[in-house]
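Undergrad: Sharing a structure below in structure tokens format, with a few things to ask.
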Amino acid sequence: MSIRSKKDKLLNRIREGAHLTGRQQFQLAATLSYPAMLAQLTVILMEYIDASMVGSLGAAASASIGIVSTTIWLFGGLCSAASKGFYVQVAHRIGAGNTAEARNVLRQSLVSCLQFSLALALIGVAISPYLPIWLGGGEDIQRDASRYFMVFCMCAPFMQINSLCSGMLRCSGDMHTPSMINILMCALDVIFNWLLIFPSHTVLGLHVPGAGLGVLGAVLGTGLSFICGTFLMIYFVVFRSRELNLLQDTGRFWPTADTLRRSLRISLPMGVEHFIMCSAQIMSTVIVAPLGTVAIAANSFGITIESLCYMPGYGISDAATTLVGQSLGAKRKALARSFGRITLGMGILIMSVMGAVMYFTSPALMTVMTPDVAVQELAVKCLRIEAFAEPWFAANIVAYGIFVGAGDTLMPCGMNLGSIWAVRIPLAAVLVGTMGLQGAWIAMATDLTFRGIIFLARFHGKAWMRRMV
């Protein structure tokens, strides 16, 4: 029996109310987590590829991306929150065996998310000329930063639908297809970047064409890869998914009040959280910006490298959302808690190992990212501070995925917001004055550790399982 067949058989046992042994639960969690981690890895690699290719152009080019990166996370987070409001509903309906209603939610989500992302794109394009100035970026990086952000926003509808369809496939139990598409997107990103960032040149006697667009080429390459991946995601969700194939029946695409209400109950707290948290991260950028181009570039590269460390946590979190969502949809609370314990243990163990790897390999990784020695040395110091917070960050990430699967988003969002605004921002403002960029990263590590502790405490309670939609 293939791995996919075993996975489908175990997922069916959840929906049918059949018993799953501890070994079967672990096997299912691992089977779903592996492709989810692979999907996260490819997305992170796209950021790594962009950063390393642009890094070869100098610190100013890297800083032009770094100055707007937190605002990009804000827009990306809002798109992700909008998607989750719908695909968590789909996980619950599939868990309850109601696939026809799951397809109805899918139809309505396509229209709703497209409308939302178009509005977001228009706002982003409108503010793009002014954003780098508002964030304190120097004149040497403002033009590239503005164009980078503008093109990103123009691609937002594709990124939104990509996120939605990927989530729909994962919540139906299909982790394999989104992973394969993300790998393809990563490969396309390398090709498009190579052609768009650098001018024409010769490699081993062969002429390699290039547009020589620099920073603009990086975001165009990423945008084109997302567009290609999005059409593939739509195809597999709408025409190939066993549970969600829309050709099986008919239904309405215009959202109903009930579907929107359920979606908002999940998405709105998360959207508000992303907005306020990214506002805090933008505030962190404003705190770091006066330290100069080297600090901005080191901060940006450090965040990119650290993302390789926490990537497994987000993959396991996606699996936890699916498993907990389907278990609670099938009215099996004990099984949902058991899957929560298993995924939390996996996440903390793997990210602890990744933190140790990051501590020792960060100097080598930074030499790949940029030839600027000053940027390398500063980023390594920051990454070694952050390495000690990774186990607690894992607890935060995976527990959040568990709570999302249960439809419990309001309190966890408040916990994240309270921590970042009460711990990270005030501490960063105090420490940056005496410790520079390292002070900002000490504040970040302290915040992540505190969040991990309070999220573990909430998981051990029962309140998070009472918010079914």
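What follows draws every value from the coordinates through simple rules; no lab data is involved. Remember, it's a predicted structure, so these values are computed and weren't measured experimentally. Counting neighbours? That spans all protein chains shown, and the Cβs are built from the backbone with ideal geometry, glycine included.
Undergrad: By the scheme Lys and Arg +1, Asp and Glu -1, what is the net charge of all other residues having a beta-carbon under 9 Å from that of Val105?
TA: +3
Undergrad: Follow-up. Taking the highest mean first, how do the peptides 218-230, 118-130, 291-303 order by number of other beta carbon atoms within 10 angstrom per residue?
TA: On the way: 218-230: 22.9, 118-130: 15.7, 291-303: 25.7.
In decreasing order of mean packing, 218-230, 118-130, 291-303 become 291-303, 218-230, 118-130.
Undergrad: Ratio of Rg to Rh for the range 68-132, alpha carbon only, Kirkwood?
TA: 1.15
Undergrad: Residues with amide H under 5 Å of Val208's amide H, sequence separation 5 or more or different chain, H placed in the peptide plane at 1.01 Å from N; which?
TA: His201, Thr202, Val203
Undergrad: Of the listed peptides 403-413, 366-376, 204-214, 334-344, what is their order by residue-averaged count of other C-beta atoms within 10 Å, with the highest listed first?
TA: Ranked by mean Cβ neighbours within 10 Å, highest first: 403-413, 334-344, 366-376, 204-214.
Undergrad: What does the convex hull of the alpha-carbon atoms of the range 144-293 project to on average, in nm²?
TA: Result: a mean projected hull area of 13.0 nm².
Undergrad: Which number gives the lysine pairs in the chain that have C-alpha atoms under 30 Å apart and are eight or more places apart or on different chains?
TA: 16
Undergrad: Next up: Can you tell me the convex hull volume per residue for the range 324-469, based on C-alpha atoms, in Å³ to the nearest whole number?
TA: 108 Å³
Undergrad: To the nearest Å, what is the center-to-center distance of the range 406-426 and the range 223-267, using C-alpha atoms only?
TA: Result: 29 Å between the Cα centres.
Undergrad: For the range 257-408, take the convex hull of the Cα atoms, compute a quarter of its surface area, and give me that in nm², please.
TA: The Cα convex hull of the range 257-408, projected and averaged over all directions, gives 10.3 nm².
Undergrad: Follow-up question, since we're still on this one. Out of every Cα-Cα pair in the chain, what percent are more than 37 Å apart?
TA: Tail fraction, whole percent: 23.
Undergrad: So, one more: Could you work out the helix-only [θ] at 222 nm for the chain, with each DSSP H run of four or more residues adding -39,500 (n - 2.57) and the total divided by the number of residues, to the nearest 500 deg cm²/dmol?
TA: Calculated at 222 nm, the ellipticity per residue is -27500 deg cm²/dmol.
Undergrad: Still on this structure: Give the relative contact order (percent, whole number) for the range 3-466; include only Cα pairs under 8 Å separated by 6+ residues.
TA: Relative contact order, the range 3-466: 23 percent.
Undergrad: How would you order 179-192, 313-326 from highest to lowest mean count of nearby Cβ atoms within 10 Å? Present the calculation step by step, with values, prior to reporting the outcome.
TA: Working: 179-192: 19.3, 313-326: 28.8.
Top of the packing list down: 313-326, 179-192.
Undergrad: Provide Phe393, Phe26 in ascending order of the number of other Cβ atoms located within 10 Å of each residue's Cβ, fewest first. Don't jump to the answer; show the numbers that get you there.
TA: Details: Phe393 25, Phe26 17.
Fewest to most other Cβ atoms nearby, the residues stand as Phe26, Phe393.
Undergrad: May I ask you to evaluate 6.51 cos²θ - 1.76 cosθ + 1.60, the Karplus curve with θ = phi - 60°, for each residue of the range 232-244 and list the ³J(HN,Hα) values in order in whole Hz, giving x for glycine and proline?
TA: Here the 3J(HN,Hα) series is 5, 4, 4, 4, 6, 6, 6, 10, 10, 5, 5, 7, 10 Hz.
Undergrad: Against the longest principal axis of the chain, how steep is helix 373-386, in degrees 0 to 90 to the nearest 10, with axes from Cα atoms?
TA: Compared with the principal axis, the helix lies near 30 degrees.
Undergrad: Towards the positive end of the charge dipole of the range 11-131, with charges on Cβ (+1 Lys, Arg; -1 Asp, Glu), say which of Ala61, Thr21, Ala102 has the farthest Cα.
TA: Going by the charge dipole, the pick is Thr21.
Undergrad: Calculate how steeply helix 425-435 sits against the longest principal axis of the alpha-carbon atoms of the chain, using the helix alpha-carbon long axis, and give the answer as 0 to 90 degrees to the nearest 10.
TA: 30 degrees
Undergrad: Please give me, ordered by residue number, the trypsin sites (Lys or Arg not before Pro) of the range 217-324 that lie in loop per DSSP and have at most 15 other Cβ atoms within 10 Å.
TA: Arg242, Arg252
Undergrad: For the chain, with the dipole built from +1 on Lys and Arg beta-carbon atoms and -1 on Asp and Glu ones, taken about the Cα centre, which of Leu268, Gln326, Tyr87 lies farthest toward the positive end?
TA: Gln326
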